[in-house]
Amino acid sequence: MTQKAAALQTYNNELVKCIEDLHSKREELNRQIKQEEEEKDRLQHDIRVLSEKLSRVNESLAQRLTARATFDRTIAETEAAYTKILESSQSLLSVLKQEAGNLSKATEPRRKEH
């Protein structure tokens, strides 16, 4: 019977060692899980921060694009008006030169014809 008891004791020791190994592996796995959960929380926080920043940048960009479009429209309208002023000035100058020429002719002394 001592042989059976010795075998039983050996099995028991091996069983206890296997259980202890399983506990050790579980603890290591649990440590890894906690580490990854912490990393996940950090990443989610970073995503929230970056999403908020992206939202602010998008809003600012939209305002700036609207302002630029307003500048573009104002510049185009001003340049068009300026071009019309130049054309009108050119026409006015041409008419004025023509009238001045006519006035010069009208005020020149006439030659007497014999």
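What follows is calculated from the coordinates using simple rules that are stated; it is not laboratory data. As the structure is a computational prediction, the values presented were derived from the model and not from experiment. So basically every Cβ, Gly included, is an ideal-geometry build from the backbone, and we count neighbours across all protein chains shown.
Expressed in nm², what is the orientationally averaged projection area of the convex hull enclosing the Cα positions of segment 1-59? Kindly include the intermediate steps, with their values, before the conclusion.
Values: hull surface 15.8 nm².
Its Cα hull, projected and averaged over all orientations, spans 4.0 nm².
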Note, GLU79: beta-carbon cut-off 13 Å, +1 each Lys/Arg, -1 each Asp/Glu, net -1
Give me the tail of P(r) for the chain as a percent: Cα-Cα pairs with distance above 25 Å.
74 percent
Could you give log10 I(q)/I(0) at q = 0.13, 0.17, 0.21, 0.22 Å⁻¹ for segment 55-114, computed by the Debye formula over C-alpha point scatterers of equal weight, without solvent?
-0.62, -0.75, -0.86, -0.89
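Quick one: Kirkwood hydrodynamic radius for segment 37-79, alpha-carbon pairs, angstrom, one decimal?
Numbers: mean 1/r = 0.0784 Å⁻¹.
That comes to 12.8 Å for segment 37-79.
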